[in-house]
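Student: Just passing along the structure, written as structure tokens.
The values are calculated or read from the model by the stated rules, or taken from the named source; none is laboratory data. Keep in mind that what you see is a predicted model, and the values were worked out from it rather than measured. FYI the Cβ positions are ideal-geometry reconstructions off the backbone, even for glycines, and counts take in every protein chain you see. SASA here: full protein model, heavy atoms, side chains in, ligands and nucleic acids out. Shrake-Rupley method; radii C 1.70, N 1.55, O 1.52, S 1.80 Å.
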Amino acid sequence: MLEIKNLHVSYGGIRALQGISLHVPEGKIISLLGANGAGKSTTLRTIMGIVKPTEGSIEFLGESLLGLKSFQVVMKGIALVPEGRRVFTNLTVTENLALGAYTRKDKEQIQQDIDEVYELFPRLKEREKQSAGTLSGGEQQMLALGRAIMSKPKLLMIDEPSLGLAPVLSQGVLSKLTEINQTRGQTILLLEQNARAALSIADYGYILETGQITLEGPAHELAINDEVRKTYLGIR
């Protein structure tokens, strides 16, 4: 579905990405793991057309994304849940979800899809008329996911969904990603620092260090890899 080859990105004299290549097959959960500053968010920003690469290719469903603006990438069927959630705090939960469907033309279907999001996240239904700014961090993450789902994306990209959440809430959010993947067949590209949690739900993973892919493989194999266990799982 998504194919990145030999991608290079520089900020001034800083080489943020140094020839990374990765593949996201349809219907799978792919994890891109790495510490802060490894280049994970730069990868997403480049896919979304926010950052321009100096070299390499990005293809989605066989078509190049290079040169497209962010709204055009969204129209192609890619949705991004950014780090920090970034919900519209002054709008209600329902209004936030409706904004997720702003690119859609099937307006008569939107209310039904909002109801489906509420089935997926019952807590949001309980707070549908509250302003998003009054929600807890975990609830805001659910809302950010629901808002992205409302665009009916072919590919859902999620940047650090567990950041700032208590472990039990983090696990709850990640379990919802598994549910979305299994019940909807949703393809997901997941960026996470929490390697243990990410690998527990992913099909395949990539390890990104200082702008380079240093290791990749099936998630269950990475989870038992000695180097990954030492560096990312704290097991020696």
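Student: Residues of the chain: accessible area per residue at 1.4 Å, in Å²?
Tutor: Per-residue accessible area for the chain comes out at 47 Å².
Student: Quick one: angle between helix 137-149 and the longest Cα principal axis of the chain, in degrees between 0 and 90, rounded to 10, please.
Tutor: Taking the Cα atoms of the chain, the angle to 137-149 is about 90 degrees.
Student: Have a look at the DSSP beta bridges in the chain and tell me what percent are antiparallel, nearest 5.
Tutor: Working: 22 of 40 bridges.
Counting DSSP beta bridges with both partners in the chain, the antiparallel share is about 55 percent.
Student: For region 1-113, what % of the accessible area comes from carbon and sulfur atoms, probe 1.4 Å? Could the numbers behind the result be given before it?
Tutor: Details: 2920 of 5620 Å².
Of all accessible area on region 1-113, carbon and sulfur atoms account for 52 percent.
Student: Using mean Cβ contacts within 10 Å as the protection proxy, how do 40-49, 20-29, 64-73 order, highest first?
Tutor: Numbers: 40-49: 22.2, 20-29: 17.3, 64-73: 14.0.
With the highest mean Cβ count within 10 Å placed first, the list reads 40-49, 20-29, 64-73.
Student: Still on this model: For region 5-148, what percent of Cα pairs sit more than 25 Å apart? Mind showing how you got there, number by number?
Tutor: On the way: 4060 of 10296 pairs.
That tail contains 39 percent of the Cα-Cα pairs.
Student: Follow-up. What size of dipole, in debye to the nearest 20, comes out for region 129-236 about its Cα centre when the only charges are +1 on Lys and Arg C-beta atoms and -1 on Asp and Glu C-beta atoms?
Tutor: Details: 10 positive and 11 negative charges, 91 e Å.
The calculated dipole for region 129-236 is roughly 440 debye.
Student: What relative contact order, as a whole-number percentage, does region 51-130 give when Cα pairs under 8 Å and 6 or more residues apart are counted?
Tutor: Working: 30 pairs, mean separation 19.0, N = 80.
24 percent.
Student: Over 31 Å between C-alpha atoms is what I'm after, so list which of Lys52/Lys125; Lys125/Lys154; Lys28/Lys107; Lys52/Lys230 land there. Each step should come with its number before you reach the end.
Tutor: On the way: Lys52/Lys125 39 Å; Lys125/Lys154 25 Å; Lys28/Lys107 29 Å; Lys52/Lys230 34 Å.
Correct reply: Lys52/Lys125; Lys52/Lys230.
Student: Which whole-angstrom value gives the distance between the alpha carbon centres of region 166-212 and region 49-93?
Tutor: If you average the Cα positions of each part, the centres end up 19 Å apart.
Student: Could you pull the Rg and Dmax for region 139-236, using just the Cα atoms, both in Å?
Tutor: Looking at region 139-236, its Cα Rg and Dmax stand at 13.9, 43 Å.
Student: Would you work out which of Leu156, Leu135, Met75 lies farthest towards the positive end of the dipole of region 73-181? Charges go on Cβ: Lys and Arg +1, Asp and Glu -1.
Tutor: Value: Met75.
Student: Can you tell me the dipole magnitude for the chain around its Cα centre, using point charges on the Cβ only (Lys, Arg +1; Asp, Glu -1), in Debye to the nearest 20?
Tutor: On the way: 26 positive and 26 negative charges, 95 e Å.
Result for the chain is approximately 460 debye, rounded to the nearest 20.
Student: Against the longest principal axis of the chain, how steep is helix 110-120, in degrees 0 to 90 to the nearest 10, with axes from Cα atoms?
Tutor: The helix 110-120 is inclined about 70 degrees to the chain.
Student: Also, quick follow-up: With a ≥ b ≥ c taken as the square roots of the eigenvalues of the C-alpha gyration tensor of region 11-64, please select rounded if a/c is under 1.5 and otherwise prolate if a/b is larger than b/c or oblate if it is not? Mind showing how you got there, number by number?
Tutor: Working: a/c = 2.20, a/b = 1.31, b/c = 1.69.
Here region 11-64 falls in the oblate category.
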